[in-house]
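Taken together, the values in this text are just the output of simple stated rules run on the coordinates, not laboratory data. Since the model is a prediction, treat every value here as computed from it, not as a measurement. Note that we place each Cβ from the backbone using ideal geometry, even for glycine, and neighbour counts take in every protein chain shown.
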Amino acid sequence: MKIYIEENYEKVSKRAALIMASQVVLKPDSVLGLATGSTPIGMYEELIAMYKRGEIDFSNVTTFNLDEYYKLPIENENSYYSFMMNTLFNHINVKKENIHLPNGMTESVEEECKNYEEKIKKAGGIDMQLLGIGGNAHIGFNEPADKLSVDTNIVDLTQKTIKDNSRFFDNEEDVPKKAISMGIGSIMKAKKIILLASGEGKAEAIRDMTNGYINTQVPASILQAHPDFTLIIDKDAAKLI
Ligand code: GLP
C-alpha cells in the first residue's frame with residue numbers, strides 16, 4: 001500500500017487526476033472503474049480541464065461504475081447515472097456505448113448482477129479502479145457485515161449510509177434503501193486501485209482500514225492486501241494514523 005498525505009482536498013484531487021490521466025495516456029484503451037460521491041468531484045474537474053487543454057483523450061476508454069441505487073430511475077438527478085453524466089461524461093469524449101453502470105431499474109437483479117460481471121470480464125478487467133470511502137469504511141456499497149459479497153450484488157444500505165447520503169435528497173425517506181454494487185471481489189480484481197478521502201469525517205475509517213488487519217466490519221481494510229493499492233488523503237483524513 002502506498003499512502004500520499006496531501007495538504008488539502010485540492011491537492012488530493014490534483015494528484016488523483018494525474019495518476020488517472022497517466023493511466024489513460026499510457027494505455028488509451030484503459031478500462032476505468034469509477035466512483036460517485038462528493039470526494040471524486042474535484043478529480044473529475046481536473047480531468048475535464050486536462051481534456052479541454054487537449055492533454056488527454058477518452059475516446060477509447062471504457063468505464064464501469066461501482067454502483068447504482070435500486071429502483072431509482074436514471075432520470076432522477078440523484079441516480080448515479082445522472083451524477084456521472086453531469087459531473088464527468090457530458091464534458092469529455094468518452095463514447096456512450098463504452099459507459100457502464102449497473103441497471104438499478106432491472107426486473108431481474110440476479111441476471112443484471114451476473115451480466116455486469118460478464119461485461120467487466122469481456123472488457124478485459126478493470127485497469128484502474130477509483131474508490132471513495134463511506135464514513136463506516138464501505139467501498140462501493142459494500143457495507144460492514146459478517147460476510148462480504150465477492151461479486152456484483154444487491155445490498156441493503158445501512159442506516160448510517162442512508163443518513164450520510166440523505167444530504168443529496170429532499171428528505172431521508174427519499175433515499176433508496178437498496179443498491180446494486182460491485183462486490184469486494186470485483187473491486188479486488190482491478191489491476192490498480194486508488195482510494196481518495198478528505199476531511200475529518202473519514203479519519204476513523206482511514207485509521208481502521210490501514211491498521212494491518214482485514215475485518216469485514218471495515219470493508220475497505222481488504223485493500224491492504226491488494227498488490228497495487230494507493231491511498232490519497234488529506235491531512236484531516238490522516239489525523240488518526
Ligand atoms: C456513496 C458511494 C461510495 C462513496 C461514498 C462516500 O455511498 N456509494 O462509492 O465512496 O458514498 O461519499 P462521499 O465521497 O460523498 O463522502
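Normalised Debye scattering of the range 14-53 at q = 0.18, 0.20, 0.23 Å⁻¹ gives log10 I(q)/I(0) of -0.48, -0.60, -0.78, counting only Cα atoms as equal scatterers and leaving out solvent. For the chain, what is the Kirkwood estimate of the hydrodynamic radius, computed as the reciprocal of the mean inverse distance between distinct Cα atoms, to one decimal in Å? So the Kirkwood estimate lands at 17.8 Å.
Taking label points 7 Å from Cα along the Cα-to-Cβ direction, SER22 and GLU45 give a separation of 2.4 nm.
When both bridge partners sit in the range 2-234, DSSP labels roughly 30% of those beta bridges antiparallel. Antiparallel beta bridges, as assigned by DSSP with both residues in the range 146-241, represent about 50 percent of the total such bridges. Mean separation of Cα pairs under 8 Å and 6 or more residues apart, divided by the residue count, gives the range 105-163 a relative contact order of 34 percent. The trypsin sites (Lys or Arg not before Pro) of the range 106-151 meeting both criteria, a DSSP state outside H, G, I, E and B (loop) and at most 15 other C-beta atoms within 10 angstrom of the site's C-beta, are LYS147.
Taking 0.36 nm per residue of sequence separation and removing the Cα-Cα distance, the VAL150/ASN211 pair yields an extension gain of 19.7 nm. Once you reduce the range 190-231 and the range 21-66 to the center of their Cα atoms, the two points are 22 Å from each other.
Each Cα pair under 8 Å and six or more residues apart adds its sequence gap; the mean of these over the residue count of the range 131-241 is a relative contact order of 33 percent. Measuring r between the beta carbons of SER108 and ASP228 and using R0 = 35 Å, the FRET efficiency lands at 0.50.
Loop only per DSSP, at most 13 neighbouring Cβ atoms within 10 Å: give me the chymotrypsin sites (Phe, Trp or Tyr not before Pro) in the range 140-241, ordered by residue number. When the chymotrypsin sites (Phe, Trp or Tyr not before Pro) of the range 140-241 are filtered for loop state and at most 13 Cβ neighbours within 10 Å, TYR213 remain. Label-to-label distance for ASP236 and GLU118 is 4.5 nm, based on points extended 7 Å past Cα in the beta-carbon direction.
Taking every alpha-carbon pair under 8 Å whose residues sit at least 6 apart, the range 2-234 reaches a relative contact order of 25 percent.
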